[in-house]
Amino acid sequence: MSIQIDQMKENTIAFLKALEDKDLSKVVALFAEDGIHINPYHSGLFPEGAKGREAIKAYWEPVFPNFEQMLFPIEELHVMEASKMTFVKFKGKIELKENAGWYENDYYATFKFNEEDLITEYVEIFNPIVAAKGFGLLDQIK
């Protein structure tokens, strides 16, 4: 593998690990200054995403205190060197506070990287019906 492929793969894994560790500074540091986080299936229930490091920080900062723990085991990870992208299929297993159980969903994500291997675009695809049901928001889907 080339160094570029290794670094894109490493940064993709590092992003999910930073989420599991609730390490906000690491999450933000993995993004380019003008990096974008996109949730195309937000369904009006979840944030559409964020643009720029400060907005990404503001997006994730309130998330971490809501959960006991978050696990994101990777099922598949593919690196597309020519387009400076990775594709990852992973599970989301999130333990809710106050013994409220677990929220689980399937995720697919793409990461685009710049020449410094920082994330320029992260697209998170999840089932919004499962998410709405898991968080008691089913009646609010738009």
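Numerical summary
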| item | result |
| --- | --- |
| Between helix 3-20 and the chain: long-axis angle, C-alpha atoms, 0 to 90°, nearest 10 | 20 |
| Dipole of the chain, positive direction: furthest Cα of ALA14, LEU118, HIS42, with charges on the beta-carbon | HIS42 |
| Modelled label reach - ASP6, point 7 Å along Cα→Cβ, the range 107-128 residues with backbone N closer than 17 Å | 116-118 |
| Calculated [θ] (222 nm, deg cm²/dmol) that DSSP helices of n ≥ 4 give over the chain, each run adding -39,500 (n - 2.57) | -8000 deg cm²/dmol |
| Principal axes of the range 1-53: Cα extent on each, largest first, Å | 40, 21, 20 |
| Per residue accessible area in Å² of the range 49-142, where ligands, DNA and RNA are left out and the probe is 1.4 Å | 55 |
| Assigned charges on the beta-carbon of Lys, Arg, Asp, Glu; the chain dipole about Cα centre (debye) | 300 |
| Debye log10 I(q)/I(0) at q = 0.12, 0.19, 0.26 Å⁻¹ for the range 59-142, Cα point scatterers | -0.45, -0.96, -1.28 |
| Portion, in percent, of the accessible area of the chain that falls on carbon or sulfur, probe 1.4 Å | 52 |
| Candidate residues LEU118, LEU30: accessible-area rank, largest first, probe 1.4 Å | LEU118, LEU30 |
| Estimated dipole of the range 1-68 in Debye, rounded to 20 [Cβ of Lys and Arg +1, of Asp and Glu -1, Cα centre] | 60 |
| Projected label distance in nm at ASP139 and GLU76, using a 7 Å step from Cα toward the beta-carbon | 3.8 |
| Accessible heavy-atom area order of TYR108, TYR41, highest first, probe of 1.4 Å | TYR41, TYR108 |
| Inter-label distance for SER25 and GLN69, nm, one decimal - labels placed 7 Å from Cα along Cα-to-Cβ | 2.4 |
| Whole-Å semi-axes of the ellipsoid equivalent to the range 28-103 (Cα gyration tensor, √5λ, descending) | 24, 18, 12 |
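The values are calculated or read from the model by the stated rules, or taken from the named source; none is laboratory data. As the structure is a prediction and not an experimental result, all values here were calculated from the model. Here Cβ is always computed from backbone atoms with ideal geometry, including for glycine, and neighbour counts include all displayed protein chains. What goes into the accessible areas is simple: the full protein's heavy atoms, side chains included, and nothing from ligands, DNA or RNA. Shrake-Rupley method; radii C 1.70, N 1.55, O 1.52, S 1.80 Å.
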